[in-house]
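Below you'll find the structure, written out as structure tokens, and then a few comments.
The values are calculated or read from the model by the stated rules, or taken from the named source; none is laboratory data. None of the values given here were measured: they were computed from a predicted structure. All Cβ positions, even for glycine, are placed from backbone atoms using ideal geometry, and neighbour counts span all protein chains on display. Note: areas computed on protein heavy atoms with side chains; ligands, DNA, RNA excluded. Shrake-Rupley method; radii C 1.70, N 1.55, O 1.52, S 1.80 Å.
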Amino acid sequence: MGQILSIEEQPCSISTEDRILDAALTIIQEKTISGLRIRQVAERANLFQSNIHYYYNSKKELLLAVQKKVLNRYREIRQQSIYQSGIGPEATLEDRLDIFIKQKIYTILIDNKYDVAELDFWNQSRLDPDMHQEFCLSYQNWRTEIREIAEIFAPDMPFAKQNLIAGIAVSLLEGAAVQFLVDKDAFDLDSYFAYCKSILIREIRG
């Protein structure tokens, strides 16, 4: 897999707002959402607490911004992988599925703070309508991306089946992250994703 730059390795200078969000994300990884305090975020970002309140009026506003950053980061990684791989309109089904698999392997093995935070946000979203809405939109967009792949390679497949395949793909990807956060020895990650890809290819090609 081509190298995917982490946030810290990006060549552009990081903004104050991104410093705040990255600090909050690190604290969530260490202490969970319930353990996050605005004061801790300010200390971790090397800022005054008033700097945090300039951007976010409340802890909830900050958390919603972090949640959006986490969910958007997955798409950024996929787009970066597409750019680095030089994938174009002629890309094969395998190439297109590999983009999603590479993104998930990257966040599982190299930058798992996003998966850790996502699970914590999922738990919080059961009680918070705004967080719930963000998750619904994110998963809807994710399913749409995968459904469009099925549509390209199986244009005669009924929409309902394309949608089911997209949902199954998201479940396979997310399921790997959940299991590895619990037990890194659960199974061989490369073998798992190779088998997942074979299942999706078989279903799409028929």
Worksheet item: How many residues does the range 19-32 hold that are closer than 17 Å to residue 72 by Cα and open to solvent by 60 Å² or more (accessible area, probe 1.4 Å)?
Response: 1
Discussion item. Cβ-Cβ under 8 Å, sequence separation 6+ or interchain: first residue in the range 56-68 and within 12 Å of residue 23 (Cα to Cα), partner outside any helix (DSSP H, G or I) and hydrophobic (A, V, I, L, M, F, W, C). Which pairs?
Written reply: 63/36
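Conditions (1) open to solvent by less than 30 Å² (accessible area, probe 1.4 Å); (2) in contact with a helix residue (DSSP H, G or I) (Cβ under 6 Å, 6 or more places away or on another chain); (3) not acidic (Asp, Glu), marked per residue:
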position	(1), (2), (3)
44	no, yes, yes
54	no, no, yes
63	yes, no, yes
77	yes, yes, yes
92	no, no, yes
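Okay, residues lined up against (1) at pLDDT below 95; (2) closer than 29 Å to residue 105 by Cβ:
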{"position": "2", "(1), (2)": "yes, yes"}
{"position": "7", "(1), (2)": "yes, yes"}
{"position": "32", "(1), (2)": "yes, yes"}
{"position": "41", "(1), (2)": "no, no"}
{"position": "49", "(1), (2)": "yes, no"}
{"position": "53", "(1), (2)": "yes, no"}
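If a residue must be of a type in the set (A, V, I, L, M) and more than 16 Å from residue 61 (Cα to Cα), how many such residues does the range 28-46 contain?
Applying the first criterion (of a type in the set (A, V, I, L, M)) to the range 28-46 yields 28, 33, 36, 38, 41-42, 45.
Checking which are more than 16 Å from residue 61 (Cα to Cα) leaves us with 45.
Qualifying residue count, the range 28-46: 1.
Of everything in the range 181-198, what is of a type in the set (D, E, K, R), more than 15 Å from residue 107 (Cα to Cα) and not in a helix (DSSP H, G or I)? Give them in sequence order. Break it down into steps so the answer makes sense when it comes.
Taking the range 181-198 first, the residues of a type in the set (D, E, K, R) are 183-185, 188, 190, 197.
Narrowing the set further to residues that are more than 15 Å from residue 107 (Cα to Cα) leaves 183, 185, 188, 197.
Of everything in the range 181-198, those that are of a type in the set (D, E, K, R), more than 15 Å from residue 107 (Cα to Cα) and not in a helix (DSSP H, G or I) turn out to be 183, 185, 188.
Quickly run through the range 98-118 and pick out the residues that are more than 23 Å from residue 135 (Cβ to Cβ) and buried (at least 19 other Cβ atoms within 10 Å of the Cβ).
Initially, the range 98-118 is screened for residues more than 23 Å from residue 135 (Cβ to Cβ), giving 98, 109-110.
Result: 98, single match.
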